[in-house]
Amino acid sequence: MVWVRKEYAGELAVLSVWVSVLIPWSVSYVTREGISLVVIRFPFFLFQFIFGADLGALERPFLTVNRAPAFESGAVSQAYEVWLAAAVVFGLAFLLSVAYYALDERLETRFTAVHRALDPVRLLGGLLVVSGGLLLASAVMLVDAYAGLSVPLGAFFLLAFGGVLLRVERT
């Protein structure tokens, strides 16, 4: 079964990556003794909201992925290090998608000149699958570390988008 026609595969690849930037890969909710914590993690940053307590200057409602592991400790820090690796892979996918959008035909020609089997659509699909797998692993680590609810929403989307791009027939 063909999910997308071959002439629209490039557009789907670029759109898949750009939509994935907007979807949080994980949302966590923890509540204890009247204090609630909501953490929304995007591929490159997170927002965290604490309700029921005032931490003053220690409160960090916004953290980038490179600063997040140092802010936490233990299993959460390790999960955030896996997230950092996923962000690097996803960053490569994002940069490739921008180049693919700007250079469309020229980029495809350059890829096929280097190696016939190398296709930017499949490369983007592979990068999405790898980053989605890493984010899913990070989410599993967070489920073990957090005493509340953690949903790896965007990790599943990355795996699905990547799977569709890897199965596109380009010939």
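The values are calculated or read from the model by the stated rules, or taken from the named source; none is laboratory data. Computed from a predicted model, the values in this text were never measured in an experiment. Glycine gets a Cβ as well: all are built from the backbone with ideal geometry, and neighbour counts include every protein chain shown.
Structure above, values below:
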read-out	value
Condition broken by L136, with the remaining ones in (1) among the hydrophobic types (A, V, I, L, M, F, W, C); (2) buried (at least 16 other Cβ atoms within 10 Å of the Cβ); (3) under 21 Å from I40 (Cβ atoms); (4) over 13 Å from the mean Cα position of the chain (by Cα) satisfied	(4)
One residue from F90, F49 being in a strand (DSSP E or B), of a type in the set (F, W, Y) and either crowded, with 20+ Cβ neighbours inside 10 Å or modelled with pLDDT under 90 (or both)	F49
Selection count where residues are on the phi < 0 side of the Ramachandran plot and either surrounded by 19 or more Cβ atoms within 10 Å (Cβ to Cβ) or part of a loop (DSSP other than H, G, I, E, B) (or both), scope region 23-40	6
Meets criteria (in contact (Cβ under 8 Å) with a residue 60 or more places away in the chain, more than 21 Å from the chain's Cα centre (by Cα) and more than 24 Å from A13 (Cα to Cα)) for R60	no
Condition met for S20 (among the polar types (S, T, N, Q), closer than 30 Å to T109 by Cα, at pLDDT 90 or above and surrounded by 15 or more Cβ atoms within 10 Å (Cβ to Cβ))	yes
Complete set of residues in region 144-161 that are surrounded by fewer than 16 Cβ atoms within 10 Å (Cβ to Cβ), modelled with pLDDT under 85 and either of a type in the set (A, V, I, L, M) or within 12 Å of V82 (Cβ to Cβ) (or both)	A147
Close pairs (8 angstrom Cβ cut-off, 6 or more residues apart or separate chains): closer than 30 Å to L118 by Cβ and without any contact (Cβ under 8 Å) to a residue 24 or more places away in the chain in region 69-96, of a type in the set (A, V, I, L, M) and part of a helix (DSSP H, G or I) anywhere	L84/A68
Long-range neighbours under 7 Å by Cβ, at least six apart or interchain, first residue closer than 15 Å to S16 by Cβ within region 121-146, second charged (D, E, K, R) and surrounded by fewer than 17 Cβ atoms within 10 Å (Cβ to Cβ)	V121/R170
The one condition in (1) part of a helix (DSSP H, G or I); (2) more than 16 Å from Y146 (Cα to Cα); (3) in contact with a Pro (Cβ under 9 Å, 6 or more places away or on another chain); (4) not β-branched (V, I, T) that P43 fails to fulfil	(1)
